[in-house]
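**Student:** Structure incoming, see below.
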Amino acid sequence: MEVVGSLGAKVVIDYRSHPDRTDDLIEEIGELGGQAIGVQADVGKLEDLQRLVDTAVKTFGKVDVMVNNAGIETRTSILDTTPDDFDKVLNVNLRGVFFATQYAAKQMIRQGSGGRIINISSVHEDWPMPNNTPYCVAKGGVRMLTRTAGVELAKKGVSIVNLGPGAVATPINNSTMNNPDLLAKLDSAIPIGRMAEPNEIASVVAFLASDGASYMTATSVFADGGIMMSSPGL
Ligand code: BGC
């Protein structure tokens with residue numbers, strides 16, 4: 001957040017269930033010279049996504065950058081994944097990103113100034129995670145969403161990039177972080193030797209949102225401590 005606030009961005013924070021944390025963030029961004037509002041919206045609901053875009057336009061006049069960052073996982077094997085698990089994960093991680101991309105892109109085209117969409121996927125858009133199949137299926141979908149929509153929309157001034165983080169110290173990884181044996185195993189699989197702090201991902205988002213990334217579209221970048229290239233050297 002530090003990086004985004006210090007760039008003077010006007011930020012619309014989507015939250016589903018933590019208004020207090022959102023208020024803290026709004027304050028932090030304000031202290032750093034940015035401006036922010038919070039909107040309660042469930043990215044699994046299309047009407048909420050549309051309201052999110054509409055609120056941004058109503059409040060700040062336009063949408064230059066859309067960051068699709070919500071994600072859930074069930075950590076289930078292909079053999080155990082229920083239809084409900086599958087639907088839940090695909091709804092948030094793929095359908096939500098698909099329509100958020102569509103609604104943001106329509107607004108960016110309408111306003112005439114174009115814009116940039118940053119989809120937070122995962123190393124698992126390309127790299128298998130056994131026992132997390134619905135998640136990998138959804139992230140693989142986001143990989144092709146960004147490539148295909150990025151090609152379609154490039155001439156309309158909308159660029160789309162995926163940022164694929166590795167393991168980040170956020171609540172999605174609580175079960176690993178709270179288990180010292182699992183955490184040690186994960187850390188030893190990461191060439192850099194540790195999980196990322198959220199700011200180490202936010203700083204890449206800030207770059208992707210900046211003019212410095214103006215020639216990037218329909219592609220993915222990874223901030224993963226080297227985990228996708230990890231090898232025992234045997
Ligand atoms: C997943 C985590 C996993 C990490 C690295 C993330 O996308 O949500 O469960 O630890 O990738 O494999």
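**Student:** When the chain is treated as a GNM, springs tying every alpha-carbon pair under 10 Å, which of Gly71, Gly30, Gly141 comes out with the largest mean-square fluctuation?
**Tutor:** Most flexible of the set in this elastic network: Gly30.
**Student:** Quick one: which residues, 5 or more positions from Val65 or on another chain, have an amide H under 5 Å from its amide H? H modelled 1.01 Å from N in the peptide plane, none for Pro or chain starts.
**Tutor:** Excluding prolines and chain starts, which carry no amide H, the hits are Arg116.
**Student:** Compare Leu46, Leu79, Leu32 in a GNM of the chain, Cα atoms joined below 10 Å, and give the one with the largest fluctuation.
**Tutor:** Leu79
**Student:** Under 22 Å between C-alpha atoms is the cut-off here; go through the chain and count lysine pairs that meet it, provided they're at least eight residues apart or on different chains.
**Tutor:** Close lysine pairs under the 22 Å cut-off: 15.
**Student:** On a C-alpha basis, how far is the centre of region 140-156 from the centre of region 202-234 in Å? Whole number, if you could?
**Tutor:** 17
**Student:** Can I ask one more? Give me the distance in nm between label points sitting 7 Å out from Cα along the Cα-to-Cβ direction at Met228 and Ser175, one decimal.
**Tutor:** Result for the modelled spin labels: 2.4 nm.
**Student:** What FRET efficiency comes out for the pair Ile78/Glu31, r = Cβ-Cβ distance, R0 = 45 Å, nearest 0.05?
**Tutor:** 0.45
**Student:** Report the residues of region 110-128 in range of a label on Phe60: point 7 Å along Cα→C-beta, backbone N strictly under 14 Å from it.
**Tutor:** 115-118
**Student:** Using a simple spin-label model with points 7 Å from Cα along the Cα→Cβ vector, what separation in nm is obtained for Leu7 and Asn131?
**Tutor:** 3.7
**Student:** If you don't mind, there's one more thing I want to ask. Contour minus end-to-end for Asp24 and Arg194, with contour as 0.36 nm per residue of separation and end-to-end as the Cα-Cα distance?
**Tutor:** Result for the pair: 58.5 nm of gain on full extension.
**Student:** Could you tell me which of Ala70, Ile172, Val151 has its Cα farthest along the dipole of region 43-229 towards the positive end, charges placed at Cβ (Lys, Arg +1; Asp, Glu -1), taken about the Cα centre?
**Tutor:** Ranked along the dipole, the leading option is Val151.
**Student:** Kindly put Tyr15, Tyr215, Tyr135 in sequence by how many other C-beta atoms sit within 10 Å of each C-beta, fewest to most.
**Tutor:** Tyr215, Tyr15, Tyr135
**Student:** Also, quick follow-up: Would you pull out the residues with amide H under 5 Å of Ile13's amide H, same chain only if 5 or more places away, H placed 1.01 Å from N?
**Tutor:** Ile37, Gly38, Val39
**Student:** Mind listing the phi-derived Karplus ³J(HN,Hα) values for region 49-65, rounded to whole Hz, using 6.51, -1.76 and 1.60 with θ = phi - 60°, and x for any glycine or proline?
**Tutor:** 4, 5, 5, 4, 5, 4, 5, 4, 5, 4, 7, 10, x, 6, 10, 8, 9
**Student:** Roughly what would the spin-label model give for Val221 and Asp187, points 7 Å off Cα along C-beta, in nm?
**Tutor:** 2.8
**Student:** So if each residue of separation counts as 0.36 nm, and I subtract the Cα-Cα distance between Phe207 and Val151, what length gain in nm does that give?
**Tutor:** This chain segment gains 18.1 nm when fully extended.
Every number here is computed from the coordinates shown, using simple stated rules; none is lab data. Model, not experiment: these values are computed from the prediction. Glycine gets a Cβ as well: all are built from the backbone with ideal geometry, and neighbour counts include every protein chain shown.
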